[in-house]
Amino acid sequence: MDFYDEKTAIDGMADFILRGGVSMYNTLKYIYSLAERDFYNVDLKDVIKLVINNVTNVDGLSVLGLRAEGPKVSEMETEEYRRLLPAMVYSLAVRTPALKPVVIGGKPLSDDQIYKIYQAAMSKGGNNTDDIIPETFLEIKYLVKKGKPLPPFTADWYKNYIFAKVPEISSIKNKNIFLLGAADIFFGMFYACFFEALSSQLEEYTA
Amino acid sequence: MVKPSNLYFTDRTNSGNAFFKLEVGRSLLQFSEFDFTFFWETAIEAGRQAKRTGTLPKATMDSARAAISKAHPFIYAGRDGDFSDIVLDCIIEYICRSERLSEDELWMRCISSRIPYEAALFERISKYKTFRGANEWTIVSGLQKYVKDKINFIYEGEQQTSLKCLTLKQYFDLAYSIASNECAIPGNALPSIKVYNPCLAPSAAFAVSSSAAKSIYKRLEEQLYTVPDLSDNDRVNTELLEDKFAVTAYSYMMGMSRPQEPEEELFVKNLENLPEKVYVVSSLKALIDLEFDIMSETGVHLKKCENCGRYFLITATEFGEKYCDRINSSGLTCKALAARMPKLTMPPEPEPVAPPPPPEPEPVYVPPTVEYEPDELDEPENVPFVTNSPPPKTFAEPVREYYTPKIAVGAEIPDNIEKHCIALYNSIYKRADKGISENDFRDWSSYLSNMKRNVKTGEGTLDQLLVFLAYSDKLADDIKRAARQKRFIPREPIERLRDFARATDNMHSIGNVKFPEYSITPPPPPATPTDKDYSNYFAEDRTPAFKTYTPPPPPVIRNIPEEAVQQFAPASFGEPPQKSFGNVKIKDSEPVEIDGRKATLANPVWERVKREE
């Protein structure tokens with residue numbers, strides 16, 4: 001694919017992936033705070049609609065009167081939970097090879113360009129914390145090359161990490177069960193809209 | 001003239017940190033008569049500018065907000081708080097109404113807002129959705145209707161007294177309570193009012209003289225240094241802790257001595273204009289109802305001016321007043337204007353007219369009973385009733401005269417003629433305004449329906465309808481031809497229709513009129529009723545007049561030799577027939593007998609179609 005400026009394009013795409021990861025991370029915090037007190041004031045459907053229509057808006061949910069900090073989300077202020085942020089960036093960056101079929105201006109992204117985008121996203125903060133995410137870049141690249149379906153983008157790795165490392169959120173409480181259930185619905189919907197937005201983002205950089 | 005008393009209030013958010021004054025009665029009248037047109041138009045103009053430029057125009061918004069602040073002191077008090085977004089609310093309501101969108105749809109439309117205007121709309125609607133705000137414009141306009149309705153309910157009418165006004169007010173309020181109870185509005189969501197001594201009101205530290213408050217703070221500064229923060233109590237039901245908090249706060253001013261003389265004098269001077277009590281109201285409706293209550297308590301009422309039709313304030317002793325003190329377009333008050341007009345004398349009431357005498361009862365015919373022998377009725381003096389008609393000579397006659405049942409003498413239109421009428425109607429209707437003008441079509445169709453009705457009621461005959469249908473067939477052909485040529489038919493056929501209508505009474509003068517193929521003779525008129533018929537008519541167990549239906553016997557097909565009917569076996573069919581084309585004539589079937597008649601089923605003759613090369 002031909003870009004106006006390849007370096008800017010790769011940096012911009014990596015930035016987009018980073019903001020997507022942060023948006024995911026913050027959204028889960030907002031959902032957790034919603035369960036605290038605003039359970040009957042704020043509709044979860046509105047929260048999801050707002051996020052999937054603005055996938056890189058990291059603080060968009062404050063408009064609904066929710067807060068992602070303070071005592072309402074104190075269980076998420078632990079060091080162990082904060083390590084999930086790089087994992088979320090990694091979960092989006094590792095699927096960069098899925099952009100291969102996207103053709104703009106008659107040309108798809110080259111393997112080199114895809115790898116550079118992945119590397120740039122990783123250098124901005126992506127990391128497979130404790131190898132909780134089973135997918136790797138090469139595995140996804142192989143599946144895309146062979147035309148095979150990718151594994152679904154689920155919240156399984158997220159829940160596994162919570163159960164293993166964050167006991168405050170894995171205990172049986174109304175808020176925790178609400179969060180884990182909402183994560184199941186949110187992850188799949190978010191990735192579908194994020195990927196579409198990421199593909200559209202390429203057009204901004206192409207010649 | 002009534003001098004209205006003042007009411008001091010603050011809103012629940014204490015947004016202004018001040019006490020606001022309200023003239024009881026006058027602010028109600030002002031609110032009920034307030035014209036929101038300027039506000040509305042300015043708000044819409046602000047919306048249009050925002051759509052063009054992408055940002056909300058601050059100057060126009062401020063102008064609109066200032067306009068609506070004059071509607072009621074409560075709106076003025078909340079202009080930076082609860083009513084700060086009233087202009088945006090008006091824009092949202094206008095967009096939803098003009099584009100027929102719901103708030104949810106508008107919210108979705110602005111969800112990926114790129115411009116500040118859309119972001120502002122999105123944020124405001126998000127507040128509606130999460131119960132952190134409501135459309136204040138619709139609330140204010142709704143409450144204006146509430147005020148107007150309540151004023152009319154309580155004060156409209158001539159014969160009003162204080163007690164009656166109070167009763168009507170209580171009635172109205174009770175009706176509202178019932179309605180809100182049925183809506184299951186929780187108690188803590190109902191409009192409420194708290195009354196405070198001004199120095200104990202929530203915003204007293206700022207609303208009461210600031211210099212007096214500062215001097216007190218200086219005296220208690222050291223003790224107040226270690227006070228706890230009791231504001232963050234989201235999980236706690238604070239209503240149960242009011243006394244606990246009160247004791248905690250008192251502990252930081254315990255043992256305070258009296259102020260010195262100069263300080264005391266300053267305090268007295270600063271607090272000269274303090275009201276006796278301050279109301280903290282939860283909503284605009286609470287303040288409106290409070291105003292009605294205080295008006296009722298202080299004997300202030302409203303009355304409609306007989307000149308201008310607007311309400312004005314009166315006391316309980318002024319119910320006789322008819323005119324207000326407003327200056328109208330003549331430059332005079334309504335009262336002054338009424339004083340200048342000549343007094344009109346009412347005409348004397350007419351003397352009561354004696355009611356007309358009741359009409360004499362009409363003579364009622366009493367039929368003779370069966371115990372009278374027919375011979376006795378020949379003598380009129382023996383008839384035991386009074387009637388204007390001559391006495392009947394036989395027993396049968398009065399029965400015929402007074403008990404004649406109605407029997408329809410018209411004819412039913414047969415199905416095939418009905419279908420022809422429908423087909424004709426559809427054919428001409430299709431070409432209305434193409435081959436025939438709409439007015440002429442209307443004339444023709446009304447003539448057809450009148451003809452059919454006349455036939456059914458017996459005022460016309462079926463033959464007349466058939467003649468008209470024959471004429472209409474010709475008319476339909478003319479219309480079809482004219483429509484193809486894209487012109488209307490000439491007026492002549494319609495004029496002929498009118499002539500025809502005039503001439504239908506004398507069919508012989510029509511001329512060469514052919515009946516359609518399916519002409520039928522109309523059914524014979526029903527037989528004149530006889531005594532025998534009538535006696536059966538009144539019998540309880542009369543037998544029906546029609547015969548019972550017996551189906552005809554099924555037809556029997558004879559003359560089929562038994563040898564022709566063979567057992568089914570593939571071999572008996574022999575060789576399949578040769579397929580041949582060209583001029584082939586298939587033989588007709590053998591003659592058969594159906595119901596005693598011989599019939600031959602003729603087979604079609606097939607001929608090969610030769611194509612021209």
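For the peptide A:59-65, the mean number of other protein chain Cβ atoms found within 10 angstrom of a residue's Cβ is 4. Short-range pairs are left out: with C-alpha atoms under 8 Å and at least six residues apart, the relative contact order of region A:6-202 is 30 percent. Shown here for region A:31-82: GluC sites (Glu not before Pro) in loop regions (DSSP other than H, G, I, E, B) with at most 16 other Cβ atoms within 10 Å, namely A:69, A:77. Each principal axis of the Cα atoms in region B:244-361 has its own extent, and those three values, largest first, are 100, 50, 24 angstrom. Based on the Kirkwood radius over alpha-carbon pairs, what value in µm²/s does the Stokes-Einstein equation return for the translational diffusion coefficient of region A:146-207 at 20 °C and 1.002 mPa s? This corresponds to a translational diffusion coefficient of 154 µm²/s. From its DSSP helices (H runs of at least four residues, each -39,500 (n - 2.57)), chain A gives a residue-normalised ellipticity at 222 nm of -19000 deg cm²/dmol.
Shape call for region B:17-58 from the C-alpha gyration tensor, a ≥ b ≥ c root eigenvalues: rounded (a/c under 1.5), prolate (a/b greater than b/c) or oblate? Don't skip to the answer; put the middle values down first.
Values: a/c = 8.20, a/b = 2.04, b/c = 4.01.
Oblate, because a/c is 1.5 or more while a/b does not exceed b/c.
Ordering A:125, A:93, A:63 by Cα displacement along the dipole of region A:6-202 toward the positive end leaves A:93 in first place; charges were set at the Cβ atoms of Lys, Arg (+1) and Asp, Glu (-1).
Starting with the highest mean, order B:252-259, B:146-153 by the number of other Cβ atoms within 10 Å, averaged over the residues of each peptide. Don't skip to the answer; put the middle values down first.
On the way: B:252-259: 9.9, B:146-153: 16.1.
Ranking the peptides B:252-259, B:146-153 by packing returns B:146-153, B:252-259.
When its C-alpha radius of gyration is set against 2.2 N^0.38 Å (N residues), region B:158-211 gives a value of 1.83. Counting only other chain Cβ atoms within 10 Å of each residue's Cβ, the peptide B:109-122 averages 1. Excluding residues on the same chain fewer than 8 positions from residue B:285, give the lysines whose Cα lies under 18 Å from its Cα. Cα-Cα hits under 18 Å: B:21, B:70, B:145, B:148, B:150, B:169, B:194.
Between residue A:197 and residue B:199, the distance separating the two model label sites (each 7 Å from Cα on the Cα→Cβ line) works out to 5.9 nm.
Based on a Kirkwood Rh over C-alpha pairs, give the Stokes-Einstein translational diffusion coefficient of region A:6-202 at 20 °C and viscosity 1.002 mPa s in µm²/s.
Values: Rh = 17.3 Å.
In µm²/s, the coefficient is 124.
When the Cα convex hull of region B:1-146 is projected onto planes of every orientation, the mean area is 9.7 nm².
For helix A:174-203, what angle does its Cα long axis make with the longest principal axis of chain A, in degrees from 0 to 90 and rounded to 10? The two axes meet at around 20 degrees. Within region B:19-93, the percentage of alpha carbon pairs spaced more than 20 angstrom apart rounds to 32%.
Could you let me know the centre-to-centre spacing of region A:1-54 and region A:58-73, using Cα atoms, in angstrom? Here the two parts' Cα centres lie 13 Å apart. Each listed q (0.12, 0.20 Å⁻¹) maps to a log10 I(q)/I(0) for region B:79-205, found by the Debye formula over equal Cα scatterers with no solvent: -0.73, -1.17. Relative contact order of region B:6-189, taken over Cα pairs closer than 8 Å and 6 or more residues apart, is 18 percent.
Coordinate-derived values only; no laboratory data. Not measured: the values here are computed from a predicted model. A quick note on method: Cβ atoms are made from the backbone with ideal geometry, for glycine too, and the neighbour counts reach across all protein chains shown.
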